[in-house]
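In what follows, a structure is listed as structure tokens, so that the remarks can point back to it.
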Amino acid sequence: MSKTSQRDAPLDFSGETFRKLGHALIEQIADFYDSLPDRPVTRAKTPQEIRELIGDTELPDRGADPGQLLTELAPVLFENSLHNGHPRFMGYITSSGAPLGALGDLLAAAVNSNVGAWDLSPVATEIERQTIRWIADFIGYTKDCGGIMVSGGNMANLIGFYAARRAKAPWNIREAGLYADDRPLRVYASDATHTWIHKAADLSGIGTDNIRWIASDARQCMLIDDLEAKIASDRDAGCLPFLVVGAAGTVSTGTVDPLPAIAAICRRNELWFHVDGAYGAPAAGLPDASEDLRGLALADSVALDPHKWLYSPLEAACALVREPGHLTDAFSFHPEYYRFEDDEREPRTNYYEHGVQNSRGFRALKVWLSLRAIGRGAYVQMLQDDIALARRLYDAAAAHPELETFTQELSITTFRYRPANLAATDEAAEAYLNDLNEELLSRLQDGGEAYVSNAVLQGRMLLRACIVNFRTTASDIDALVGIVVRLGRELDAKRRPAE
Ligand SMILES: *Cc1c(COP(=O)(O)O)cnc(C)c1O
């Protein structure tokens with residue numbers, strides 16, 4: 001029989017135990033941060049090797065000493081993870097997570113507020129509200145907007161998509177679903193749009209066939225004439241256009257669509273204008289941001305990822321909507337088991353009504369702490385440094401006889417290795433270069449010296465460096481150039497067919 005008058009709950013730590021384990025762990029993490037530059041970016045182990053490291057055992061019946069577990073597990077993570085925070089990690093768009101953010105997550109988990117409702121999380125809800133306002137302010141969006149913190153760019157874009165669907169469907173789509181009308185709802189997005197759009201069209205029932213792909217140019221910038229033509233022809237065919245998605249930094253090249261022009265088309269056609277700024281939206285806060293990028297201020301909704309270019313540890317994303325009511329219109333239901341009463345004089349934000357999640361963690365804290373600790377000016381400086389490094393890479397590659405450059409947008413540079421004495425640009429040479437660069441990329445990614453990812457532009461396999469990393473310096477960029485050329489030469493010497 002269970003005796004609960006004096007419980008012995010092994011998951012409950014006294015302050016003394018927590019202090020001891022916590023101090024030891026903090027020591028290990030501090031050493032890890034200091035040692036990052038000297039570690040390989042990754043060790044590229046196989047799933048089987050990793051399973052052996054963590055012990056491929058069944059669920060234990062008996063426990064183990066938590067202090068020992070932490071002491072032993074931390075080095076396994078430090079030694080076998082791919083380190084986004086390594087100065088030479090420039091792949092995909094995953095930032096070096098701010099150490100302050102790690103402390104923020106620890107604090108948030110310790111207090112363990114449920115940020116689903118104001119009454120359950122008074123301070124956390126207000127900090128989230130302020131974080132959203134600060135983010136909007138930073139990127140030049142209206143501070144009176146609504147918004148919510150979510151897990152990532154996919155979810156933030158999904159929030160915008162659902163807000164659009166609710167606001168623009170000519171009937172109550174939340175109640176009647178798609179069945180009230182047989183005309184298809186249509187969404188317009190460039191062919192360079194991130195794959196979240198597939199999931200949103202699928203999950204919403206709208207269907208991926210009702211995504212109208214708008215052509216983009218060689219830089220992956222949306223072609224406005226094609227957008228207007230497709231909206232017009234769909235209208236003529238009796239379809240229901242409802243949403244246009246513009247990119248504030250495409251995922252492959254960081255290209256910004258002509259957002260003011262898209263906004264004007266949306267206004268004329270009464271369509272929802274959503275901006276996917278998962279990566280690039282923070283750059284709208286720079287003093288020299290382009291007019292195209294500043295155009296995100298005209299959007300009905302914006303998605304952005306603090307875990308990308310605001311250097312927050314995963315996970316943290318943010319969806320903004322121009323009219324706060326658009327989120328509650330799209331997501332609010334009032335179940336009888338909640339009685340979070342509102343006070344008209346002093347309205348309370350219950351975030352479960354603003355998005356998909358019910359119980360919610362305090363993601364905003366780590367973002368708030370970083371914004372609060374360094375302020376706008378230092379953020380501007382860090383973003384500018386990342387862009388300057390991406391340009392340095394572009395210039396160095398352009399100047400090198402064995403490297404060829406393609407695009408440089410925001411903090412993303414695309415380039416490839418091209419042997420100096422390769423014959424002219426015929427089809428066979430292009431096929432060879434694709435294979436060569438694909439192999440080069442695998443070698444680079446497995447080697448642990450530096451890490452970039454790829455972009456495919458007009459059938460060409462390119463190397464792509466994205467710098468959202470406050471640890472990367474000019475010497476890391478210069479080193480990357482040297483590593484790519486060395487690997488390229490080695491592979492070319494082995495692979496080139498005799499001429
Ligand atoms: C990264 C990215 C996404 C997806 O964001 P996640 O945080 O990975 O879910 C969407 N759109 C763009 C432009 C991105 O760069």
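This table checks each residue for (1) within 24 Å of R348 (Cα to Cα); (2) at pLDDT below 95; (3) surrounded by 17 or more Cβ atoms within 10 Å (Cβ to Cβ).
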position: V123; (1), (2), (3): yes, no, no
position: T131; (1), (2), (3): yes, no, yes
position: A136; (1), (2), (3): yes, no, yes
position: N154; (1), (2), (3): no, no, yes
position: G160; (1), (2), (3): yes, no, yes
position: A163; (1), (2), (3): yes, no, yes
position: V187; (1), (2), (3): no, no, yes
Open item on the list: Given the criterion acidic (D, E) and under 18 Å from R392 (Cβ atoms), identify the matching residue among D478, D446.
Closed with: D478
TODO: Check whether at least one residue in segment 174-185 is within 16 Å of the ligand (Cβ to nearest atom) and either in contact with a Leu (Cβ under 9 Å, 6 or more places away or on another chain) or not charged (D, E, K, R) (or both), and report yes or no.
DONE: no
TODO: Can you give me the number of residues within segment 397-410 that are of a type in the set (A, V, I, L, M, F, W, C) and part of a loop (DSSP other than H, G, I, E, B)?
DONE: 1
Task: Count - residues of segment 15-50 that are within 24 Å of V452 (Cα to Cα) and of a type outside the set (D, E) - done: 15
Open item on the list: If I139 satisfies all but one of (1) over 19 Å from P313 (Cβ atoms); (2) away from the ligand (no atom under 16 Å from the Cβ), what's the number of the condition it fails?
Closed with: (2)
Task: Candidates D202, D225 - the one that is touching a helix residue (DSSP H, G or I) at 6+ places or on another chain (Cβ under 7 Å), in a helix (DSSP H, G or I), more than 16 Å from H274 (Cα to Cα) and open to solvent by 50 Å² or more (accessible area, probe 1.4 Å) - done: D202
- [ ] Residues that are of a type in the set (S, T, N, Q): find the helices (runs of 4 or more DSSP H) completely inside segment 1-104 holding 3 or more of those.
- [x] 15-35, 66-80
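Residues are listed down the side, and each one gets a yes or a no for (1) over 16 Å from I29 (Cβ atoms); (2) within 16 Å of the ligand (Cβ to nearest atom); (3) buried (at least 16 other Cβ atoms within 10 Å of the Cβ); (4) hydroxyl-bearing (S, T, Y):
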site: T46; (1), (2), (3), (4): yes, no, no, yes
site: E49; (1), (2), (3), (4): yes, no, no, no
site: G63; (1), (2), (3), (4): yes, no, no, no
site: L73; (1), (2), (3), (4): no, no, no, no
site: V76; (1), (2), (3), (4): no, no, no, no
site: G85; (1), (2), (3), (4): no, no, yes, no
site: F89; (1), (2), (3), (4): yes, yes, yes, no
site: I93; (1), (2), (3), (4): yes, yes, yes, no
site: G101; (1), (2), (3), (4): no, yes, yes, no
TODO: Please work out which residue is nearest to the ligand (Cβ to nearest atom), limiting yourself to segment 269-284 and to residues that are more than 14 Å from K168 (Cα to Cα) and in a helix (DSSP H, G or I).
DONE: A281
TODO: Would you mind stating whether L243 is buried (at least 24 other Cβ atoms within 10 Å of the Cβ), in a strand (DSSP E or B) and within 16 Å of the ligand (Cβ to nearest atom)?
DONE: yes
Open item on the list: Of the conditions (1) more than 16 Å from the ligand (Cβ to nearest atom); (2) touching a Leu at 6+ places or on another chain (Cβ under 9 Å); (3) in a helix (DSSP H, G or I); (4) not charged (D, E, K, R), F340 satisfies every one except a single condition; which number is it?
Closed with: (3)
TODO: Exactly one condition in (1) assigned to a strand (DSSP E or B); (2) open to solvent by 10 Å² or more (accessible area, probe 1.4 Å); (3) within 12 Å of the ligand (Cβ to nearest atom) is not met by W213; state its number.
DONE: (3)
- [ ] Scan segment 139-146 and give yes if some residue there is at pLDDT 95 or above, in contact with a Phe, Trp or Tyr (Cβ under 9 Å, 6 or more places away or on another chain) and surrounded by fewer than 23 Cβ atoms within 10 Å (Cβ to Cβ), otherwise no.
- [x] no
TODO: Identify, from the list E336, E427, E353, the residue that is at pLDDT below 95 and more than 30 Å from R486 (Cα to Cα).
DONE: E336
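This table checks each residue for (1) within 16 Å of the ligand (Cβ to nearest atom); (2) surrounded by fewer than 18 Cβ atoms within 10 Å (Cβ to Cβ).
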{"position": "A303", "(1), (2)": "yes, no"}
{"position": "A330", "(1), (2)": "no, no"}
{"position": "N350", "(1), (2)": "no, no"}
{"position": "N358", "(1), (2)": "no, yes"}
{"position": "D386", "(1), (2)": "yes, no"}
TODO: Test G140 against the stated conditions and say whether it is touching a residue at least 24 places away in the same chain (Cβ under 8 Å) and at positive phi.
DONE: yes
- [ ] Give the residues of segment 360-384 that are open to solvent by 20 Å² or more (accessible area, probe 1.4 Å) and not in a helix (DSSP H, G or I), sorted by residue number.
- [x] G361, F362, R363
Open item on the list: For the list (1) surrounded by fewer than 20 Cβ atoms within 10 Å (Cβ to Cβ); (2) touching a Leu at 6+ places or on another chain (Cβ under 8 Å); (3) in contact (Cβ under 8 Å) with a residue 60 or more places away in the chain, I need the number of the one condition that Y417 fails.
Closed with: (1)
Open item on the list: Out of everything in segment 253-288 that is within 18 Å of L383 (Cα to Cα) and more than 20 Å from the chain's Cα centre (by Cα), what residue ends up being least open to solvent (accessible area, probe 1.4 Å)?
Closed with: P287
- [ ] Scan segment 1-44 for residues that are open to solvent by 100 Å² or more (accessible area, probe 1.4 Å), more than 30 Å from I477 (Cα to Cα) and modelled with pLDDT of 95 or more and report the count.
- [x] 6
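The values are calculated or read from the model by the stated rules, or taken from the named source; none is laboratory data. Because the structure is predicted, anything quoted here is derived from the model rather than measured. Quick reminder, even Gly has a Cβ in these numbers, built from the backbone with ideal geometry, and neighbours come from all protein chains shown. Surface accessibility is based on the protein's heavy atoms, side chains included, excluding ligands, DNA and RNA. Shrake-Rupley method; radii C 1.70, N 1.55, O 1.52, S 1.80 Å.
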